[in-house]
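Asks: The structure is given below, and queries will be raised subsequently.
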Amino acid sequence: KDVFIKRSQIIREIRNYLHDHAYMEVETPMMQSIPGGAAAQPFVTFHNALGCQFYMRIALELYLKRLLVGGMDRVFEIGKNFRNEGISRRHNPEFTMMEAYEAYGDYASMMDLTEAVLVAAAEAAGTPETFNWMGHDVSLKPPFPRKRYDDLLAEVTGCDPEDPASVAAEASKHEIETAGRHPDVIKSELFEETVEKTLSGPIFVIDYPAAVCPLTKRKSDAPDIAERFELYVAGMELANAYTELNDPDLQEELFRTQLDGLSDDESMARMDHDFIKSLRHGMPPAGGLGIGIDRLVMFLTQASSIRDVILFPIHRPHTGG
């Protein structure tokens, strides 16, 4: 009961903070004709009245960006996402996300917002400034450290992140498949395998490989680097944010690359032409942020499993009497 009282306090404080800083709370569709905003396996449903297939949303992102196009400069939503994937200590197929978007912001302003929201939520929940969680000593004293993705990879593995051959050689040592795969994908899997578990945090990992960030603006002086960060605590991703990509031609090209390998019919069905059309009307430069509420509550209540912070976690149905 105490955990869920704190969960309520955390969510209330996030809402209060965002309202106090001129963000408007909105609601976007949970059933979508095209699942977008993330690379994940959706749950599929059927709309009897319309006679067509829909998907339970996997992310809030693309509809919230449409609102930026429509002239709403600061918006946020706290709501459910659904991903038809594994169940683990850190994953539940139905989970709660907070996403916020700010016109004329960028990933630097989103770092400031993330830090402020996390500290405010911790105070609301009565979380101490320093504590040990999951075997990691963590400190909520701002400012949180910020380190470049490639620098961390070099420190932990000793490879040269700018040399695909060096990255591939290191990946092979960890039994990561390299043949016929994009160098940035290999680098991403190597980072997940070697670096993530070393991150006690909270720490902002910044400047990700562009090829694994299809919705993110590239650095003007380094187009192979995306203006993205992830916030890690105890080896777990807690928040993800970008300087948002608002170039419709590049966005369409990246969507097509992301859908490469699907059949023509499936690729056409999964291409969000409506979102591309909205970008052609003009989306302002923006920063966007996503925070996993369940994981945040885990962290701030020092729970060991996501099931401990969800009132009714999903499980296999009981059979028999």
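The values are calculated or read from the model by the stated rules, or taken from the named source; none is laboratory data. Every value quoted in this text rests on a predicted model; they were computed, and no experiment measured them. FYI the Cβ positions are ideal-geometry reconstructions off the backbone, even for glycines, and counts take in every protein chain you see. Just so you know, the surface numbers come from the protein's heavy atoms only, side chains and all, with ligands and any DNA or RNA stripped out. Shrake-Rupley method; radii C 1.70, N 1.55, O 1.52, S 1.80 Å.
Asks: Look through Ile58, Ile78, Ile34, Ile14 and report the one residue that is in a helix (DSSP H, G or I) and either in contact (Cβ under 8 Å) with a residue 12 or more places away in the chain or not polar (S, T, N, Q) (or both).
Replies: Details: Ile58 fails: in a helix (DSSP H, G or I); Ile78 fails: in a helix (DSSP H, G or I); Ile34 fails: in a helix (DSSP H, G or I).
Within the list Ile58, Ile78, Ile34, Ile14, the selection yields Ile14.
Asks: For Tyr55, only one of the following conditions fails: (1) within 20 Å of His273 (Cα to Cα); (2) surrounded by fewer than 18 Cβ atoms within 10 Å (Cβ to Cβ). What is its number?
Replies: Answer for Tyr55: the failing condition is (2).
Asks: Taking into account only those residues within the range 136-154 that are assigned to a helix (DSSP H, G or I) and free of Cβ contacts under 8 Å to residues at least 24 places away in the same chain, which is nearest to Thr114 (Cα to Cα)?
Replies: Keep residues of the range 136-154 that are assigned to a helix (DSSP H, G or I), which gives 149-154.
Filter once more, keeping what is free of Cβ contacts under 8 Å to residues at least 24 places away in the same chain: 151, 154.
Values: Asp151: 22, Ala154: 26 Å.
The residue in question is Asp151.
Asks: Against the conditions (1) surrounded by fewer than 20 Cβ atoms within 10 Å (Cβ to Cβ); (2) at pLDDT 95 or above; (3) of a type in the set (Lys, Arg), where does Arg89 fall short? Just the number, please.
Replies: All conditions pass for Arg89, except number (2).
Asks: Are there any helices (runs of 4 or more DSSP H) wholly within the range 158-261 with 1 or more residues that are within 22 Å of Gly290 (Cβ to Cβ), and if so which?
Replies: Output list reads 183-194, 248-258.
Asks: Kindly check whether there is at least one residue in the range 39-50 that is of a type in the set (Ser, Thr, Tyr), more than 24 Å from Val297 (Cα to Cα) and under 17 Å from the mean Cα position of the chain (by Cα). Break it down stepwise before answering.
Replies: In the first step, residues of the range 39-50 are kept if they are of a type in the set (Ser, Thr, Tyr); the result is 45.
Add one more test, that the residue is more than 24 Å from Val297 (Cα to Cα), and what stays is 45.
Next, from what is left, pick out any that are under 17 Å from the mean Cα position of the chain (by Cα): none.
No: zero hits.
Asks: Could you say which residue among Glu170, Glu162, Glu115, Glu102 is open to solvent by 40 Å² or more (accessible area, probe 1.4 Å) and not aromatic (Phe, Trp, Tyr)?
Replies: Criteria check complete, one pass: Glu162.
Asks: Continuing with this model, one more query. In the range 293-313, how many residues are out of contact with any helix residue (DSSP H, G or I) (no Cβ under 9 Å at 6 or more places or on another chain) and either surrounded by 15 or more Cβ atoms within 10 Å (Cβ to Cβ) or not aromatic (Phe, Trp, Tyr) (or both)?
Replies: Total satisfying the criteria: 2.
For (1) at pLDDT 95 or above; (2) at negative phi, each residue gets a yes or a no:
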site: Ser278; (1), (2): no, yes
site: Gly282; (1), (2): no, no
site: Gly290; (1), (2): yes, yes
site: Ile310; (1), (2): yes, yes
site: His318; (1), (2): no, yes
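Asks: What's the number of the only condition in (1) buried (at least 17 other Cβ atoms within 10 Å of the Cβ); (2) at pLDDT 95 or above; (3) touching a helix residue (DSSP H, G or I) at 6+ places or on another chain (Cβ under 6 Å) that Leu199 fails to meet?
Replies: Answer for Leu199: the failing condition is (3).
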